[in-house]
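Trainee: Got a structure here, written out as structure tokens. Questions coming.
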Amino acid sequence: MRLLTHNMLACNIKGVTNGYPLRLEAEKWVEKEVDFNADFLRGVFPKIDWPALVGAARALGFHDLLPVDAPDPSVLASDDELLRRFHRALLQLHVEEGGLVCPETSRRFPINKGIPNMLLHEDEV
Amino acid sequence: MNFELWGVSIRGRNSSRVLAHEGFIFEMKLKQLEGLLGSIQQFPNPKLELEQYPTGPHIASRLVYTAENTFGDVNGKVVADFGCGCGTLGIAGALMGADYIMGFDVDSQSLETASQNVELIEVDMDLIQCNVKNLALRGQVINTVIMNPPFGTRQKGIDAEFLSVALKVASQAVYSLHKTSTREHIKRIALRDFNAKSAEVLCELRFDVPKMYKFHKKKEVDIAVDLWRFVP
Ligand SMILES: C[S@@+](CC[C@H](N)C(=O)[O-])C[C@H]1O[C@@H](n2cnc3c(N)ncnc32)[C@H](O)[C@@H]1O
């Protein structure tokens, strides 16, 4: 699971209203290089929840990879270094083992072999 | 077991109609795509109650090729494969240049096979185990959904639920396969209930699907299936 996926997933237990962002627990992660595509990154940037991405990167031990405050899109257009950091955080880091914890209920969705298990129990649907 | 039996076969001339206006290079690349998809491992123990049968390389390659070459819905996009099974459609999307692919399936065994296939083909595809019916996704990050959902032979209405969720999360297009016998119904719910801007059948295909009911004498049934493109 990469951090763009984390940025989209929310807890969907019935009745939960604050199921986002899921707190990321990363016991094991790997980095895999992917082609850098500036257009793609600029296109996806406005749809990203920045604090959730910063939090997820921190969970992997990257405390200074991203600025705490969301950059202005205009900065992203000119700052290649920042765009590359964004690329790395969003697309290159894969969480292999760990979990996703609902901020409201503390329900933990496990991540095994890179696959988060978001299945709900019968009484959660 | 002969896995060919579980495959999808295409008959008649409908599929070639999709390709007719394209040239030689298209054919070559399409053949490459089909060849790569042919090396994908499919459901080792298919679960009939989940309608687990793969989209064969022939249809899968043409579906994703058309999505890209006719409509520009794949290259550089975020693409989701709902009910991804062993990953065929998502992997096809990645090979056609999607920048981010996500596959969702309820079954962990299929996802594990999908994960092996992703490594084999050397693409990136995030896999998520969930029931598509109660999928929660924030933001409109996904551009295109490509799916071969269960037809609803075992879980009534699941085809419509997949479509409903797909039209909610996609911002650009949804490609899906539905039984031709449900054409009017699908069109109506897509436009009226799920607020699709458009719903268009791109072509009609023939599927060999494994028998879903005990009273089916034959080992597989041949059914007519529509390839749809919806605009959310
Ligand atoms: C017809 S198969 C298609 C498989 C694969 N997409 C392909 O094209 O080869 C349908 C898939 O949907 C999955 N499925 C069935 N019900 C589901 C549900 N409620 N949520 C998520 N996946 C489901 C099955 O496990 C199966 O892999």
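The values are calculated or read from the model by the stated rules, or taken from the named source; none is laboratory data. In this text, all values refer to a predicted model and were calculated from it rather than measured experimentally. Ideal geometry is used to build each Cβ from the backbone, glycine not excepted, and the neighbour counts take in all protein chains shown. Note: areas computed on protein heavy atoms with side chains; ligands, DNA, RNA excluded. Shrake-Rupley method; radii C 1.70, N 1.55, O 1.52, S 1.80 Å.
Trainee: Can you confirm whether the range A:60-69 contains a residue that is charged (D, E, K, R), under 12 Å from the mean Cα position of the chain (by Cα) and at pLDDT 95 or above?
Mentor: No, there is no match, as no residue in the range A:60-69 is charged (D, E, K, R), under 12 Å from the mean Cα position of the chain (by Cα) and at pLDDT 95 or above.
Trainee: Now for a separate question. Can you tell me which residue within the range B:151-176, out of those that are in a strand (DSSP E or B) and without any contact (Cβ under 8 Å) to a residue 60 or more places away in the chain, is farthest from the other protein chains (Cβ to nearest Cβ)?
Mentor: Ranking the qualifying residues of the range B:151-176, first place goes to B:Ser176.
Trainee: Quick check on B:Gln140: is it away from the ligand (no atom under 15 Å from the Cβ), within 13 Å of chain A (Cβ to nearest Cβ) and modelled with pLDDT under 95?
Mentor: Here the answer is yes, as B:Gln140 does meet what is asked.
Trainee: Exactly one condition in (1) surrounded by fewer than 17 Cβ atoms within 10 Å (Cβ to Cβ); (2) in contact (Cβ under 8 Å) with a residue 12 or more places away in the chain; (3) of a type outside the set (Phe, Trp, Tyr); (4) more than 9 Å from every other protein chain (Cβ to nearest Cβ) is not met by A:Lys14; state its number.
Mentor: It is condition (4) that A:Lys14 fails.
Trainee: Only one of B:Val209, B:Val201 is part of a strand (DSSP E or B), out of contact with any helix residue (DSSP H, G or I) (no Cβ under 8 Å at 6 or more places or on another chain) and not aromatic (Phe, Trp, Tyr). Can you tell me which?
Mentor: One residue alone meets the criteria, B:Val209.
Trainee: Restricting the first residue to the range A:18-42 and requiring it to be within 12 Å of another protein chain (Cβ to nearest Cβ), which pairs with a second residue that is assigned to a helix (DSSP H, G or I) and of a type in the set (Asp, Glu) meet a Cβ separation below 9 Å and a spacing of at least six or different chains?
Mentor: A:Ala38/A:Asp80
Trainee: Looking at (1) open to solvent by 10 Å² or more (accessible area, probe 1.4 Å); (2) within 15 Å of the ligand (Cβ to nearest atom); (3) within 12 Å of chain A (Cβ to nearest Cβ), find the lone condition where B:Gly76 falls short.
Mentor: (2)
Trainee: Quick check on the range B:101-113: of everything there that is buried (at least 22 other Cβ atoms within 10 Å of the Cβ) and within 9 Å of chain A (Cβ to nearest Cβ), which residue is farthest from the ligand (Cβ to nearest atom)?
Mentor: Per the stated criteria, the residue is B:Met102.
Trainee: Then there is this: For A:Val44, are the conditions met, namely being open to solvent by less than 50 Å² (accessible area, probe 1.4 Å), of a type in the set (Val, Ile, Thr) and under 15 Å from A:Arg2 (Cα atoms)?
Mentor: It is true that A:Val44 is open to solvent by less than 50 Å² (accessible area, probe 1.4 Å), of a type in the set (Val, Ile, Thr) and under 15 Å from A:Arg2 (Cα atoms).
Trainee: Quick one: in the range B:118-137, of everything that is more than 10 Å from the ligand (Cβ to nearest atom) and either of a type in the set (A, V, I, L, M, F, W, C) or away from chain A (no Cβ under 14 Å) (or both), which residue is nearest to B:Asp105 (Cα to Cα)?
Mentor: The qualifying residue nearest to B:Asp105 (Cα to Cα) is B:Leu127.
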